[in-house]
Structures are given as C-alpha cells and as structure tokens.
Amino acid sequence: MERGSKPEYQLKIAKERINILFDEAKKTAKEDPELARRYVKLAKRIGMRYNIRLSRLRRKFCRHCYSYFLPGVNCQQRLKNKKITIKCFSCNKTIQYPYK
Ligand SMILES: [Zn+2]
C-alpha cells in the first residue's frame with residue numbers, strides 16, 4: 001500500500017469517529033473539561049493519522065490546550081473587524097479567524 005494514503009472505507013470510519021468524539025466532547029465539556037480535552041486530542045490525532053482536515057471542527061476547540069469551546073462558559077467570543085476572536089479561559093490565549 002502506498003504510504004500516506006488510506007483506503008476509502010477507513011477514511012469514512014475515521015471521519016465518523018472524529019464526529020463522535022466531538023459530540024462527546026460537547027456533551028462533557030461543561031461537567032468534565034478534562035475529559036472533553038481528551039476527546040478533542042484523540043479526534044485530532046485520528047485526523048492527523050488519516051490526513052483528515054478538521055476545518056469545520058477546528059474552531060470548536062482551542063488549538064493551544066485543546067479545550068472544547070463553550071461560548072460564555074470557558075471562552076469569550078468577540079466580533080471585530082470581520083474577525084472572530086476567541087479567548088480561551090483555560091490557557092488565556094486568543095485565536096482569531098476571519099468571519100464573513
Ligand atoms: Zn486554550
């Protein structure tokens with residue numbers, strides 16, 4: 001098998017697993033942020049292994065400490081100059097991405 005490429009069915013399973021992990025992270029983020037963080041890390045690792053981009057999900061967690069974002073609970077979202085700024089309360093870092 002070619003290095004770096006995985007069969008289609010494996011990619012499908014990996015994507016499903018990532019979605020499930022993010023669902024779980026969402027459910028547990030409030031009660032158990034540590035566990036949610038573990039889910040996010042796992043999802044990211046699967047994504048890296050199968051070369052799946054977490055484009056849609058990337059904004060849902062902190063890229064510094066992997067906390068799952070719950071707006072108003074563990075992060076603060078601000079809209080400024082067509083940009084969204086998210087401040088993570090766990091590591092106090094900010095993330096910016098364009099907004100349209
Ligand atoms: Zn953080």
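The values are calculated or read from the model by the stated rules, or taken from the named source; none is laboratory data. If you're wondering where the values come from, they're calculated on a predicted model, not measured in any experiment. When we count neighbours, we look across all protein chains shown, and the Cβ atoms used for this are built from the backbone with ideal geometry, even at glycine. These accessible areas exclude ligands, DNA and RNA; they are computed on the full protein's heavy atoms, side chains included. Shrake-Rupley method; radii C 1.70, N 1.55, O 1.52, S 1.80 Å.
A few notes on this one:
- 0 to 90° range, to nearest 10: angle between helix 33-49 axis and the chain longest Cα axis: 40 degrees
- Working from Cα pairs under 8 Å separated by at least six residues, relative contact order for the chain is 19 percent.
- Sparse packing (at most 15 other Cβ atoms within 10 Å of the Cβ) combined with a DSSP loop state is found for the following GluC sites (Glu not before Pro) in segment 1-96: Glu2, Glu31.
- Solvent-accessible surface (1.4 angstrom probe) belonging to Lys30, in square angstrom, nearest 10: 140 Å²
- Percent carbon-and-sulfur accessible area, segment 1-44, ignoring ligands, DNA and RNA, probe 1.4 Å: 51 percent
- Kirkwood Rh, Cα atoms: Rg over Rh of segment 8-98: 1.00
- Computed from point charges on the beta carbon alone (+1 for Lys and Arg, -1 for Asp and Glu), the dipole magnitude for the chain about its Cα centre is near 540 Debye.
- Extreme residue, positive dipole direction of the chain, given options Ile84, Phe22, Ala36 (C-beta unit charges): Ile84
- Helix-only [θ]222 nm of the chain, DSSP H runs n ≥ 4, -39500 (n - 2.57) each, per residue, nearest 500: -13000 deg cm²/dmol
- Lacking any other cysteine beta-carbon closer than 4.7 Å, the following Cys residues of the chain have no compatible partner: Cys75.
- Highest-MSF residue in the chain out of Asn19, Asn51, Asn81 [GNM, Cα springs under 10 Å]: Asn81
- Heavy atoms of Ile95: accessible area, 1.4 Å probe, square angstrom to 10: 10 Å²
- Angle between the chain longest axis and helix 8-28 axis [Cα atoms, degrees, rounded to 10]: 30 degrees
- Amide H contacts of Ile84 (H built 1.01 Å from N, under 5 Å, at least 5 apart or other chain): Tyr97, Tyr99
- The antiparallel fraction among DSSP beta bridges confined to segment 8-98 stands at about 90%.
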